[in-house]
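Some notes on the structure that comes next.
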Amino acid sequence: MATPAGGYGALTPPSPRGVRAAVGKTLRGGVSLAAALLLTGYVVGVVTEPGVFGSHAVEQAHLAARARFPHSLAAMWDGIGHGSGEAIIVAGILVLILTPVAGLTTSAVAFARRRDWLFTVVSAAVLSVILGSFALGWLSS
Amino acid sequence: MIELSLLLFGISIVAGALGSLLGLGGGFVIVPVLTLVFHLDIRLAIGTSIVAVAATSSAGAARNVTESITNLRVATFLALATTVGALTGALLVGVFDARLLFTLFGTVLAVSAAQMLRKRPLRAMQESTPAMETVGVTAGREGGAGRLADRLALHSSYFDAAEGLHVPYVVANTGLGLGLMYLAGTLSGLLGIGSGVLKVPAMDLAMHIPMKVSTATSNLLIGLTAAASAVVYFARGDIDPLIAGPVAIGILLGATQGSRWLVRIRSDRLRVLFVSVLVVVAAQMILKGIG
């Protein structure tokens, strides 16, 4: 295999600056949105449901016994509609979980724009494995 | 709940800082604290730790990917193996004896820790750079997979602010690395833990990637692997917002700080810190396996 253009002496950054900047921007956006939702949910929770968020006498028993909290998209949207702090926190957590996937999507698009087809395909393949896991997870629960 | 939340929040800042600095998910702090100190159900503890991994990864990588410490191409390529591995692991849950796996995992980590301490320091790597062209070609011929790294253009460089050096590096044994990542993904899917502890040694020892780049790249990888399984945990009701919420906020703060430290820390110190944590995690795993 021939030495890449420019040789190893001129090793380039792992990816063009534009790709890295785009991915970084997406990750920062996801993190900021998640942080805003998590904090808002907390404030709303402490104000509207001090029994759940404020009391500390019950905390140990409460933690052990707690089983009912939103864990589906429908329950989350319903809760947000009713101004539930807990549901807003759930939204923040979901944004956090999806942020790396959004970063990967951004890099796939950025690689495609630069006509780096090999890495467009690799990114898309990883993305489809993750989306496949989502589907499997959702179906199996 | 407020006092409890504040305590969780504080511990999570520490977990996030260590996690993003070392390319780990922080589960090695979060899970024992939640189960041993708060007596929380292991199911909810693992669900929370998955959220912690996603938070550590995103907040840590947000900075380091732009600064080019993270090798985006290596991360994307290896993610093929870790995500398929995680899926395999999730499907194989219950097939193997978990205690045997924990013991095996712990032993592998202990051996990796010993190997990593013997690795040459950054300075030696820098001194060898004039011969980098030869090294690259030789790695390609001898490692067999170096040529794969050529074709994928995985070789790169980063600026080490602690040493004031521009550090070029050649990625070796890409095929072996891919295989190890598949195993690492499978094990973490099977056991619900250990997202980064095998990835960093695989990049450092097998693929000859500099320590800082290994932890930063692992940091990006673990978020993708976690996302694949997090949805399962969420739908199953293993993610309690009142526990995962304060943990996530603390992790975000800690991980952001940790990614700043990663820029400045000396690689040899980073290595010693990583190996120390590796020893602790190995002990946790072996204890789980035998006891």
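The values are calculated or read from the model by the stated rules, or taken from the named source; none is laboratory data. Source: prediction; values computed, not measured. Every residue, glycine among them, receives a Cβ derived from its backbone with ideal geometry; neighbour counts consider all protein chains shown. Keep in mind that these areas ignore ligands, DNA and RNA; they rest on the heavy atoms of the full protein, side chains included. Shrake-Rupley method; radii C 1.70, N 1.55, O 1.52, S 1.80 Å.
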Identify, by number, the condition in (1) at the interface with another protein chain (Cβ under 7 Å from one of its Cβ atoms); (2) over 26 Å from B:Arg264 (Cα atoms); (3) open to solvent by 10 Å² or more (accessible area, probe 1.4 Å); (4) at pLDDT 90 or above that B:Ala235 doesn't meet.
(4)
Of the residues in the range B:82-104 that are at the interface with chain A (Cβ under 8 Å from one of its Cβ atoms) and modelled with pLDDT of 90 or more, the one that is least open to solvent (accessible area, probe 1.4 Å) is B:Thr83
Long-range neighbours under 7 Å by Cβ, at least six apart or interchain, first residue farther than 18 Å from B:Pro210 by Cβ and at pLDDT below 85 within the range B:145-156, second open to solvent by 10 Å² or more (accessible area, probe 1.4 Å) and of a type in the set (Ser, Thr, Tyr)
none
At negative phi, crowded, with 24+ Cβ neighbours inside 10 Å and at pLDDT below 85: is that true of B:Phe38 in this structure?
no
Of the criteria (1) touching a strand residue (DSSP E or B) at 6+ places or on another chain (Cβ under 8 Å); (2) modelled with pLDDT under 90, which one B:Arg73 fails:
(2)
Select, from B:Arg271, B:Arg264, the only residue that is more than 20 Å from B:Ala55 (Cα to Cα) and either buried (at least 20 other Cβ atoms within 10 Å of the Cβ) or of a type in the set (Ser, Thr, Tyr) (or both).
B:Arg271
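Every residue, every condition in (1) surrounded by fewer than 23 Cβ atoms within 10 Å (Cβ to Cβ); (2) of a type in the set (D, E, K, R); (3) within 13 Å of the chain's Cα centre (by Cα); (4) facing chain B (nearest Cβ under 10 Å), yes or no:
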site: A:Ile88; (1), (2), (3), (4): no, no, no, yes
site: A:Leu96; (1), (2), (3), (4): no, no, yes, yes
site: A:Thr99; (1), (2), (3), (4): no, no, yes, yes
site: A:Gly103; (1), (2), (3), (4): no, no, yes, yes
site: A:Val109; (1), (2), (3), (4): yes, no, no, no
site: A:Ala112; (1), (2), (3), (4): yes, no, no, no
site: A:Arg115; (1), (2), (3), (4): yes, yes, no, no
site: A:Phe119; (1), (2), (3), (4): yes, no, no, yes
Do we have any residue at all in the range B:208-227 that's more than 15 Å from the chain's Cα centre (by Cα) and open to solvent by 10 Å² or more (accessible area, probe 1.4 Å)?
yes
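Table: residues versus (1) within 14 Å of another protein chain (Cβ to nearest Cβ); (2) touching a Cys at 6+ places or on another chain (Cβ under 9 Å); (3) assigned to a helix (DSSP H, G or I).
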residue	(1), (2), (3)
B:Glu3	yes, no, yes
B:Leu7	yes, no, yes
B:Gly10	no, no, yes
B:Ile13	yes, no, yes
B:Leu18	no, no, yes
B:Leu21	no, no, yes
B:Leu24	no, no, no
B:Val33	yes, no, yes
B:Gly47	yes, no, yes
For A:Leu37, the lone unmet condition from (1) modelled with pLDDT under 90; (2) under 10 Å from A:Gly92 (Cα atoms); (3) of a type outside the set (Asp, Glu) is (1)
Looking only at the range B:61-81, count how many residues are touching a residue at least 60 places away in the same chain (Cβ under 8 Å) and either open to solvent by 10 Å² or more (accessible area, probe 1.4 Å) or more than 9 Å from every other protein chain (Cβ to nearest Cβ) (or both).
9
